[in-house]
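Below is one structure; the comments refer to it alone.
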Amino acid sequence: HAKVNGRRQTCFFDAAMSRDLARRREVEAELRGAIQKNELSIFFQPIVDLSTGRIRTFEALVRWFHPKKGEMRPDEFIPVAEETGVIVTLGNWITAQAARAAAQWPADVTLAVNLSPLQIKAPGAALGIINALREAGLDPARLELEVTESLFLDDSEATDAFIRELSERGVRFALDDFGTGYSSLAYVNKYPFRKIKVDRSFVSGPDVSRRTEAIIRAVAEMGAQLDMEIVAEGLETIEQVTAVRDAGCTLGQGYYFSRAVPDYLAAMLLAQERDEELMRKTAS
Ligand code: C2E
Ligand code: MG
Ligand code: MG
Ligand code: MG
C-alpha cells in the first residue's frame, strides 16, 4: 500500500512541478506584452508619521490586472521578470509612471519605489532613473529607493556605483524587509540608508510580543543614533500601531492606515488631509 501511495505522490509532485513551470513560461510570455496592453498599473500605499498621523511617503506597488487570471500580485510575477530579464524594462516603466504621479503631490510628500537587484546591476540603471525623474519633473530628493539585503549578497561594484551616483544627486535609500536577510548590520554600516523598514513578520499576529517589542526597540535606538528613521511595516491594528510607536518607530505602514490605492485615490487622500488641516486651523 505504502508503495502505491509513494508512487502516487511522486506523480502528483511531477505534475505540480510541470504545471508550475508551464505557468512561469506563460507568465513570462505575457509579461512582455502586458505593459503595451495597459494591463499593469501602479498603486500607492501611504507611509504615515506615527506622531502626527500625516502621510509622509507613498510606496509604489505594481499590480497586474490580467484579463483571464485576474489581479496578480508582484510576488508572483516579479521573480519571473527577474529570471527572464524583463525586470529592466518593467522597472523603468514603473519608476516613470510612479514619478509622474508623485509630481502632482505636495512637495513634502515623497515617493518610494522598490528596486530588484537585477535592475540595479543592469548597465545604465542609474541613468534610467535620472531620466525618468527629469521627464516627470520630480526632484530627486523626493525619491526614495527601497532595496533588500539580497542586493548585497555578491558585493558588486555596479551596486556601489549605482548607490553612490544616485545619492550624490539627492536620491535616498531605504533598507526593506529588515530582519529577514543576512548580516544586516554590515550593510547598515556600509551604505547611506536613510530608513530601515522592519519586516512585516515582526509585527504579524494579534499583538506584538514583549520579545518582538524588545527587538524593534533596539533597532529604533540604533536608528536614532545613526540618524535613520525606522518604519514598521504591516500594521493592521491599533494595538500594533501603539506598540511600535512606543518602541520608538517614527513611521508606519499597513492596512490599518490604508491598502495600496490607485493614483487618483492617493491624490484624494492628500487633498482630504489638507482640507482637514485647514479646518483645524480655521477652527482654532
Ligand atoms: P514590500 O516592498 O515589502 O511591500 C510591502 C508588501 O506588503 C506589499 O505587498 C503590501 O501590499 C503589503 N502590505 C502592506 N501593508 C500590509 C498589511 O498591513 N498587512 C499585510 N498582510 N500586507 C501588507 P505587494 O504589493 O503584494 O508586494 C509584495 C512585494 O513585491 C513587495 O514587498 C516588493 O518586494 C515587491 N514589489 C512590489 N512592487 C514592486 C515593484 O514595482 N518593483 C519591484 N522590483 N518589486 C516590487
Ligand atoms: Mg517595499
Ligand atoms: Mg517590505
Ligand atoms: Mg517584501
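What range in the chain is the longest one free of chymotrypsin sites (Phe, Trp or Tyr not before Pro) that are in a loop by DSSP and have at most 13 other Cβ atoms within 10 angstrom? Don't skip to the answer; put the middle values down first.
Values: sites that count: TYR182, TYR255.
With a cap of 13 other Cβ atoms within 10 Å, the longest stretch comes to 1-181.
If you wrap a convex hull around the Cα atoms of the chain, how much volume per residue is inside, in Å³? All intermediate terms of the calculation are to be shown ahead of the outcome.
Numbers: hull volume 51.2 nm³, N = 284.
Cα convex hull per residue, to the nearest whole number: 180 Å³.
Using the heavy atoms of the protein chains alone and a 1.4 angstrom probe, what is the accessible area of segment 129-284 per residue in square angstrom?
Details: 8670 Å² over 156 residues.
Each residue of segment 129-284 exposes 56 Å² on average to a 1.4 Å probe.
Starting from the Kirkwood Rh over alpha-carbon pairs, what translational D in µm² s⁻¹ does segment 224-284 have by Stokes-Einstein at 20 °C and 1.002 mPa s?
Working: Rh = 13.6 Å.
For these conditions, the coefficient is 157 µm²/s.
Report relative contact order for segment 71-215 in percent, whole number only (criteria: Cα-Cα under 8 Å, sequence separation at least 6). Walk me through the numbers before you get to the answer.
Values: 163 pairs, mean separation 27.0, N = 145.
Computed value for segment 71-215: 19 percent relative contact order.
Taking springs between alpha-carbon atoms closer than 10 angstrom, which of GLY252, GLY234, GLY137 fluctuates most in the Gaussian network model of the chain?
Judging by the Gaussian network model, the answer is GLY137.
What is segment 206-284's relative contact order, in percent, from Cα pairs under 8 angstrom and six or more apart in sequence?
On the way: 62 pairs, mean separation 22.0, N = 79.
Worked out over segment 206-284, it gives 28 percent.
Give the Cα extents of segment 154-232 along the principal axes, in whole Å, largest first.
42, 25, 18
Sequence neighbours fewer than 8 away in the same chain don't count; with that in mind, list the lysines whose C-alpha is under 23 Å from LYS190.
LYS121
Tell me which of LEU61, ALA125, PHE202 sits at the most positive position along the dipole axis of the chain, charges placed on C-beta atoms (Lys, Arg +1; Asp, Glu -1).
Toward the positive end, the furthest listed residue is LEU61.
Taking segment 204-284, which trypsin sites (Lys or Arg not before Pro) meet the DSSP loop condition and have no more than 15 other C-beta atoms within 10 Å? If you can, show how the numbers build up before the last one.
Working: sites: ARG210, ARG211, ARG217, ARG245, ARG259, ARG274, ARG280, LYS281; in loops: ARG259.
When the trypsin sites (Lys or Arg not before Pro) of segment 204-284 are filtered for loop state and at most 15 Cβ neighbours within 10 Å, ARG259 remain.
Which ³J(HN,Hα) values in Hz, rounded to whole numbers, follow from the phi angles of segment 31-44 under the Karplus curve 6.51 cos²θ - 1.76 cosθ + 1.60, where θ = phi - 60° and Gly and Pro get x?
Working through the residues one at a time gives 4, 4, x, 5, 5, 4, 7, 6, 8, 9, 8, 9, 9, 10 Hz.
Ignoring any ligand, DNA or RNA, what whole percent of the accessible area of segment 185-284 comes from carbon and sulfur when the probe is 1.4 angstrom?
On the way: 3240 of 6040 Å².
Reported share for carbon and sulfur atoms: 54 percent.
Dimensions of segment 1-152 along principal axes (Cα, Å, largest first)?
Per principal axis, max minus min of the Cα coordinates gives 69, 37, 35 Å.
Please compute the alpha carbon radius of gyration of segment 140-284, then divide it by the globular-protein estimate 2.2 N^0.38 Å. Two decimals is fine. Numbers along the way, then the final one.
Numbers: Rg = 17.3 Å, N = 145, 2.2 N^0.38 = 14.6 Å.
Compactness ratio reported: 1.18.
Can you pull the percent of segment 55-128's accessible area that's carbon plus sulfur, 1.4 Å probe, other chains left in place?
Details: 1720 of 3100 Å².
Looking at segment 55-128 in its full context, I get 56 percent from C and S.
Using alpha carbon centroids, what distance separates segment 250-273 and segment 42-112, in Å?
One Cα centre to the other: 13 Å.
The values are calculated or read from the model by the stated rules, or taken from the named source; none is laboratory data. As the structure is a computational prediction, the values presented were derived from the model and not from experiment. Note that each Cβ is placed from the backbone with ideal geometry, even for glycine, and that neighbours are counted across all protein chains shown. The area values use the complete protein model at the heavy-atom level, side chains included, leaving out ligands, DNA and RNA. Shrake-Rupley method; radii C 1.70, N 1.55, O 1.52, S 1.80 Å.
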